[in-house]
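Chemist: Dropping the structure in here first, questions after.
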Amino acid sequence: MTLDLNDVTLTYPDGDHRLTALDRVSLRVDRGSLAAVVGPSGSGKSSLLAVAATLITPDSGTVGIDGTVTTGMSRRELTALRRTKIGIVFQQPNLVASLTAAEQLQVMAQIDGRSPGGARPRAMELLDAVGLAGQADRRPHQLSGGQRQRVNIARALMNDPTVLLIDEPTSALDHERGAAVLGLITELTHRNATATVLVTHDRTHLTAVDRIAEVHDGRLTTPVPN
Ligand SMILES: Nc1ncnc2c1ncn2[C@@H]1O[C@H](COP(=O)(O)OP(=O)(O)O)[C@@H](O)[C@H]1O
Ligand SMILES: [Mg+2]
């Protein structure tokens, strides 16, 4: 199993008590498969992604990435694991204002210790895959919201992750652009054989996903086949 969250509980400090953000959550996603996690605001979706991304260590339970259980790994090991195996698309694109679309992607290779110039062909290929071949040399302010979100998604694929985690990709987009981004995520999941988790509060575009799990108050309902 490529992504394997097993019986994960996560709490945050909350005054004198602790708030349970994830309550014994288990979720397994294989390569080439797209799982949607839906739930209202505050239900624990972003927390689930942060745990799956190994950015937060849960109170209990385990996270497996590509057959490796991450429990007990050092910070350094986790950083290396994230760089090589995990693509994260945060809700806010966080693009660098001074860089072109292609450079936003090339920087990922540089962080990974490779030459940004050498990464140009891969960056162009991914921009083409997300429909932005003609926008490679534009900076964020020259792109629409939908285009910025596509750059955000392409950037997460730069290091060929096996696990792709996407937080509310359509929340800032209108209906048509939202549907197109969802279609793109489905296609990229199959083409790059990623184990993809997509979280959203909005069920509208979830017709082509492999399954939908619902989260309420940190509890995941048994995933049902879509
Ligand atoms: N860093 C944090 N510290 C304390 N509480 C948090 C933190 N992050 C999230 N929470 C709380 O955990 C719950 C789940 O939040 P979150 O995972 O962001 O939900 P969602 O993404 O579904 O809106 C909410 O009650 C939220 O207020
Ligand atoms: Mg959230």
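The values are calculated or read from the model by the stated rules, or taken from the named source; none is laboratory data. In this text, all values refer to a predicted model and were calculated from it rather than measured experimentally. Cβ coordinates were reconstructed from backbone atoms using ideal geometry, including for glycine residues, and neighbour counts include every protein chain displayed. Side chains are part of the model used for accessible areas, which takes the heavy atoms of the whole protein and leaves out ligands, DNA and RNA. Shrake-Rupley method; radii C 1.70, N 1.55, O 1.52, S 1.80 Å.
Chemist: At a Förster distance of 30 Å, what's the computed FRET efficiency of T57 paired with R114, Cβ-Cβ distance as r, to 0.05?
Modeler: Here the calculated transfer efficiency is 0.55.
Chemist: When N counts the residues of segment 91-213, how does its alpha-carbon radius of gyration compare numerically with 2.2 N^0.38 Å, as a ratio?
Modeler: 1.02
Chemist: Where does the chain land on Rg/Rh, using Cα atoms and the Kirkwood Rh?
Modeler: 0.96
Chemist: Given a 1.4 Å probe and every protein chain left where it sits, what share in percent of the accessible area of segment 7-144 is carbon and sulfur?
Modeler: Summing carbon and sulfur atoms, their accessible area is 50 percent of the total for segment 7-144.
Chemist: Continuing with this model, one more query. In Å², and per residue, what accessible area does the chain have when probed at 1.4 Å with the other protein chains present?
Modeler: 47 Å²
Chemist: Then there is this: Using just the Cα positions, wrap segment 13-123 in a convex hull and report its mean projected area in square nanometres, one decimal place.
Modeler: So the mean shadow area of the Cα hull is 9.7 nm².
Chemist: Express the Stokes-Einstein translational diffusion coefficient of segment 1-62 in µm² s⁻¹, to the nearest whole number, given a Kirkwood radius over alpha-carbon pairs, 10 °C and a viscosity of 1.306 mPa s.
Modeler: 129 µm²/s
Chemist: Let me ask something else about it. Please get the size of the charge dipole for the chain, origin at its Cα centre, with Cβ charges of +1 on Lys and Arg and -1 on Asp and Glu, quoted in debye to the nearest 20.
Modeler: For the chain, the charge dipole is close to 560 debye.
Chemist: Averaging over all projection directions, find the projected area of the Cα convex hull of segment 29-92 and quote it in nm² with one decimal place.
Modeler: 5.2 nm²
Chemist: Also, quick follow-up: For segment 149-224, state the semi-axes of the equivalent ellipsoid (square roots of 5 times the eigenvalues of the alpha-carbon gyration tensor), sorted largest first and rounded to whole angstrom.
Modeler: 20, 16, 12
Chemist: Which residue, M124, T9, T70, has the largest displacement toward the positive end of the dipole of the chain when charges sit on each Cβ (Lys, Arg +1; Asp, Glu -1)?
Modeler: Checking the options against the dipole of the chain, the answer is M124.
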